[in-house]
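Structure record follows, encoded as structure tokens.
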Amino acid sequence: MEHGSFTDNSAATFSLTDEDHTIANAVRFTLNQDPRVTFCGYSIPHPSEARVNIRVQTTGDPAREVLKDACQNLMLMCRHVRCTFDKAVEHFKASNAVKALKIDSQDSSGDDSEESE
Amino acid sequence: MAEGVGEEKKKFSIWDLPDVPMGQLPPHLELQRSRVSCNKDAPIHTESIQYSGAYASMGIDNSSRLDRFSNNFRVEVVQLNKDDMEFDMIGIDAAIANSFRGILIAELPTMAIEKVLIANNTSIIQDEVLAHRLGLVPIRVDPRLFEYLSENDQPNEKNTIVFKLHVQCKRGSPRITVKLDALKWLPNGSELVKETRNATSDSSSKPETYTYFGCSQEIIPEFVKNPIIPKYPDIIIAKLGPGQEIELEAHAVKGIGKTHAKWSPVATAWYRMLPELRIDCNCRFLLF
């Protein structure tokens, strides 16, 4: 739901139902990074009701477009985080497997030398 | 001071000073922007300066555009065990990290026991307490193989897992402890028969039960390799004295932690910022 004015669409308040700090804080962060935004913030009118109000004021661009762009940026950021995370986990598992092999080979060859890590 | 009428006054700019770095924030502001300092009574500078135009008057762009983020973001796994994991995220803001934490706790789906059909319970553990304990039991199954069950759906093999528990302590035998390994998986669906009103139903047709399984869950290849069992078979459910019996059937469905904490996949998830210790070299006292 958008509360704005018909004449000036560069400032609006978006009311999202069934949401909480999880998405509102993340969207507020990406909105702030956009140079077209002069003001943005979010509030939760009442903690028992799952509703979030996000206020966006821009330098002329319609607030709806800026919010959409911010959500898109957030999606891309999360996708990038997911890729990087998957790669890091695979890398860790691979390097651990190599370490386990090294330890095994040292034990089996009867080496007394300590593991140099 | 004025030499002539038409001469302009010389403008003095702070950037002309020799020790102010150009294009970057002065060091004390950079410290304020990027570090949370722990003071004697409370931490300061805790809210991150997210606004893109925060340092606009200095000509510095505070926005972190997507390309800069993609280049600088790194993940380093510190440890990865079967049941827990610790990793560092470098180059991300606390807002996003907190959102990940919230999603981990409350919005990832798992399977947990929701409906318990109790046929017989003569133990001292009350029905609802028993059902509550069964609901909190972690089940070792991949929730992505199942669908959500809404109120209008019928429970079938795609959205329900059925377990059975039938324990009896015979008279004269010592007290027994009912652990989770007594909970058996029923891949063919419910075995409790529903009482139908019409007496004209013939006895040759299959009696109607509480679930409508089209096919057995055993034939799905993932379940052939890993049959569905509770994760920890030594959790105590109840204790029975002589002559007491528990007979029940438990149906597990998919849900998220927001609805009830039993569906939360993590014991807990937390994040913290990486601590940085700066020791002043002018310190005159030995630390040890």
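Every number here is computed from the coordinates shown, using simple stated rules; none is lab data. Please read these numbers as outputs of a predicted model, since none were measured by experiment. All Cβ positions, even for glycine, are placed from backbone atoms using ideal geometry, and neighbour counts span all protein chains on display.
Rounded to whole Å, the principal axis extents of the Cα atoms in the protein assembly as shown read 117, 77, 42, largest first.
If R₀ is 51 angstrom, what is the calculated FRET efficiency for the pair A:Lys87 and B:Arg171, using the beta carbon separation as r and rounding to 0.05? Between A:Lys87 and B:Arg171 the formula returns 0.25.
By the Kirkwood approach, averaging reciprocal distances over each pair of separate Cα atoms, the range B:86-199 gets a hydrodynamic radius of 18.0 Å.
List A:Arg79, B:Arg133, B:Arg140 from most exposed to least, where exposure is judged by having the fewest other Cβ atoms within 10 Å.
In increasing order of surrounding Cβ atoms, one gets A:Arg79, B:Arg140, B:Arg133.
Electrostatic bookkeeping for B:Ala250 treats Lys and Arg as +1 and Asp and Glu as -1; over the other residues with beta carbon under 11 Å from its beta carbon, the sum is +2. Using alpha carbons only, the radius of gyration of the range A:2-100 set against its Kirkwood radius gives Rg/Rh = 1.20. Cβ-to-Cβ counts within 10 Å put A:His3, A:His80 in ascending order as A:His3, A:His80, the fewest first.
Evaluate E = 1/(1 + (r/R0)^6) for B:Glu208 and A:Ser48, where r is the Cβ-Cβ distance and R0 equals 30 Å; express this FRET efficiency to the nearest 0.05. Show your work: numbers first, answer last.
Numbers: r = 41 Å, r/R0 = 1.37.
Taking R0 as 30 Å, the efficiency between B:Glu208 and A:Ser48 is 0.15.
Quick check: the angle from helix A:21-33's long axis to the longest principal axis of chain A, C-alpha only, nearest 10 degrees? With both axes taken from Cα atoms, the answer is about 80 degrees. Checking the table B:Lys170/B:Lys194; B:Lys184/B:Lys239; A:Lys102/B:Lys82; B:Lys194/B:Lys239; B:Lys82/B:Lys262 against a 25 Å threshold on Cα-Cα, which pairs fail? Exceeds cut-off: B:Lys170/B:Lys194; B:Lys194/B:Lys239.
Amide H contacts of B:Cys215 (H built 1.01 Å from N, in plane; Pro and chain starts excluded): B:Glu157 sit under 5 Å, all sequence-distant by 5 or more or on other chains. Using a Gaussian network model of chain A in which every pair of alpha carbons under 10 angstrom is joined by a spring, one finds that among A:Ile23, A:Ile103, A:Ile44 the greatest mean-square fluctuation is at A:Ile103. Overall, the ratio between the Cα radius of gyration of the range B:216-288 and 2.2 N^0.38 Å, rounded to two decimals, is 2.28. The length gained on full extension between B:Ile124 and B:Ala261, counted as 0.36 nm times the residue separation minus their Cα-Cα distance, comes to 46.7 nm. Farthest towards the positive end of the charge dipole of the range A:2-100, among the residues A:Thr84, A:Pro45, A:Phe29, is the Cα of A:Thr84, using unit charges on the Cβ of Lys, Arg, Asp and Glu. A Gaussian network model of chain A, with springs between Cα atoms under 10 Å, assigns the largest mean-square fluctuation among A:Ala24, A:Ala11, A:Ala100 to A:Ala100.
May I ask you to derive the FRET efficiency for B:Lys231 and B:His132 from their Cβ-Cβ distance with R0 = 22 Å, giving the value to the nearest 0.05?
Working: r = 18 Å, r/R0 = 0.82.
Efficiency, from the Cβ-Cβ distance: 0.75.
Taking the fewest neighbouring Cβ atoms within 10 Å as the starting point, the ordered list for B:Thr160, A:Thr7, A:Thr58, B:Thr110 is A:Thr7, B:Thr110, A:Thr58, B:Thr160.
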